[in-house]
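Have a look at the structure below before the remarks.
The values are calculated or read from the model by the stated rules, or taken from the named source; none is laboratory data. Quantities reported herein were computed from a predicted structural model and do not represent experimental measurements. FYI the Cβ positions are ideal-geometry reconstructions off the backbone, even for glycines, and counts take in every protein chain you see. Note: areas computed on protein heavy atoms with side chains; ligands, DNA, RNA excluded. Shrake-Rupley method; radii C 1.70, N 1.55, O 1.52, S 1.80 Å.
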Amino acid sequence: MVGGKQMSVDIFLIDWGAPEGPPRTTHSRSPSGGPYFVANEWNEIQSAERRTSLSVQLVGTVLLIKVFGFENWAVSDPDINSTITPECLYRPANFTLQFAVAILVYVFVYVIQWLLLSVVYERYIKDGIQEFVDVCSLANISVFILTLENFGYYIHGRSAHGFADTDMQTIMNQLRREEEDLVGHRGLLPASDHQTFQMYIPSQLRSYYHRLMPPPPMTKPLPTAVSTALRLKLTGSSSADFDRSVVAYHNMNKFLAAFLEHALRDLDYEVRDKLFAEALLDIEFSDVPGKAVFYIDNGHSFDKVLFYGNEFTLFSMDLMVFCFFQVITGNFLLAAIVTALIAKALMVIRHIGGRKNLAKKTLIDERFLI
């Protein structure tokens, strides 16, 4: 199940504005507001963002079938009529034709909706996935995602201005300077705007990652700026647990930042486009042992760990559920209601599981995830 895999990915938010040096106290090493902000944005788009709207899909399908009379196409009659004529008044609906009508109308509504949203809405009005990448740049936060042992995605959010914790006027001035091309580009490479990548990582990096991340029994959320006494009262955890979490976050942040800045002697990476065979077969060839490879993508590859990037799978499931209950009940409206309830239940489960995984893997207190 797509949602089950998505609820177990390794994800870490690299704070480029974190102060240098080892942590002295929990207060001196608490992260800036950037990780909390980006974590909430990620938590919001995990399951809420889809390529199409299920509500529009089901309402449009029922409207065409019930109101516009497409259900009358299923009557056992050689002619196709959207209204029941006196001759066809007592002719029963054909089971096979009902099933075919359900599929045809559902797919028709989906194709129209997908074209409108992809060609018009996302291009000229709002692209939620690209907006998340922009948020990362504003917050000076990069996102490091590992979906498999040696494969994952990287979103380069390091600010071209070097900092993000500032007032609104400074942010607006930064954006204006960026529009006028007076600062560096946002891309990982100099003079580049490529911010999203698929990445193959060597086993050494994965080993370091596991070593720096606290084991499950010790993994605790990062402390907040409230007093230690209040935190201990709310969580029932010891001060040592918080200190270990803070040190773990600092070490992981420092390690990944050094890796991305080519500052590690034994671990490095190169950035390149996928070969034709790699793009065609959706595989990666790496001929450099111990070296990671960052593949420039189309800006959306990381959405495969979100509901957004699994639209066809979700659409197929919704269609099968709709057709199944239509066959069982013989009622298009009831089938649409049940489909909506099941999709909503799966969305809630995905949201809760993804929220817990996000808090666990990023070491951010779950109470700060809206």
Quiz item: Would you pick out the residues in the stretch 194-228 that are modelled with pLDDT under 85 and farther than 21 Å from L358 by Cα?
Solution: V226, S227, T228
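Criterion first (at negative phi, in a helix (DSSP H, G or I) and over 14 Å from the mean Cα position of the chain (by Cα)) does V133 satisfy it?
On the way: at negative phi: yes; in a helix (DSSP H, G or I): yes; over 14 Å from the mean Cα position of the chain (by Cα): no.
Taking the combined requirement at face value, the residue does not satisfy it.
Give me the residue from the stretch 115-131 that is touching a residue at least 24 places away in the same chain (Cβ under 8 Å) and hydrophobic (A, V, I, L, M, F, W, C) and, out of that set, least open to solvent (accessible area, probe 1.4 Å).
Ranking the candidates gives I129 first.
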Quiz item: If Y124 passes every condition in (1) at pLDDT 90 or above; (2) over 20 Å from E311 (Cα atoms) but one, which one does it miss?
Solution: (1)
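Within the stretch 38-58, track down each residue that is of a type in the set (G, A, S) and either outside any loop (DSSP other than H, G, I, E, B) or within 17 Å of F312 (Cβ to Cβ) (or both). Talk me through it step by step, then tell me what you get.
Initially, the stretch 38-58 is screened for residues of a type in the set (G, A, S), giving 39, 47-48, 53, 55.
If the condition is that a residue be of a type in the set (G, A, S) and either outside any loop (DSSP other than H, G, I, E, B) or within 17 Å of F312 (Cβ to Cβ) (or both), then A39, S47, S53, S55 are the ones that fit.
Do we have N357 as under 15 Å from Q6 (Cβ atoms), in contact with a Lys or Arg (Cβ under 8 Å, 6 or more places away or on another chain) and either among the hydrophobic types (A, V, I, L, M, F, W, C) or not in a loop (DSSP other than H, G, I, E, B) (or both) here?
Numbers: under 15 Å from Q6 (Cβ atoms): yes; in contact with a Lys or Arg (Cβ under 8 Å, 6 or more places away or on another chain): no; either among the hydrophobic types (A, V, I, L, M, F, W, C) or not in a loop (DSSP other than H, G, I, E, B) (or both): yes.
The answer is no for N357.
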Quiz item: When you go through (1) under 16 Å from A48 (Cα atoms); (2) at pLDDT below 90; (3) touching a Lys or Arg at 6+ places or on another chain (Cβ under 7 Å) one by one for I370, which number turns out not to apply?
Solution: (3)
Quiz item: Residues of the stretch 28-68 being within 20 Å of L104 (Cβ to Cβ), at pLDDT below 90 and not β-branched (V, I, T), which ones?
Solution: K66, F68
Self-check item: Enumeration of residues in the stretch 310-337 that are of a type in the set (G, A, S), in contact with a helix residue (DSSP H, G or I) (Cβ under 9 Å, 6 or more places away or on another chain) and either open to solvent by less than 10 Å² (accessible area, probe 1.4 Å) or modelled with pLDDT of 90 or more (or both)
Solution: A335, A336
Quiz prompt | Given (1) in contact (Cβ under 8 Å) with a residue 40 or more places away in the chain; (2) surrounded by fewer than 20 Cβ atoms within 10 Å (Cβ to Cβ); (3) closer than 25 Å to F99 by Cα, number of the condition S301 does not satisfy | solution = (3)
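Go over the candidates L280, L306 one by one and state the one that is loosely packed, with under 13 Cβ neighbours inside 10 Å and of a type in the set (A, V, I, L, M, F, W, C).
Values: L306 fails: loosely packed, with under 13 Cβ neighbours inside 10 Å.
None of the others qualify; the one that does is L280.
Any chance the stretch 305-325 includes a residue that's in contact with a strand residue (DSSP E or B) (Cβ under 7 Å, 6 or more places away or on another chain) and in contact (Cβ under 8 Å) with a residue 12 or more places away in the chain? Show your work before the answer.
Going through the stretch 305-325, the residues in contact with a strand residue (DSSP E or B) (Cβ under 7 Å, 6 or more places away or on another chain) turn out to be 305.
Filter again for in contact (Cβ under 8 Å) with a residue 12 or more places away in the chain, leaving 305.
Among the residues of the stretch 305-325, at least one is in contact with a strand residue (DSSP E or B) (Cβ under 7 Å, 6 or more places away or on another chain) and in contact (Cβ under 8 Å) with a residue 12 or more places away in the chain, which makes the answer yes.
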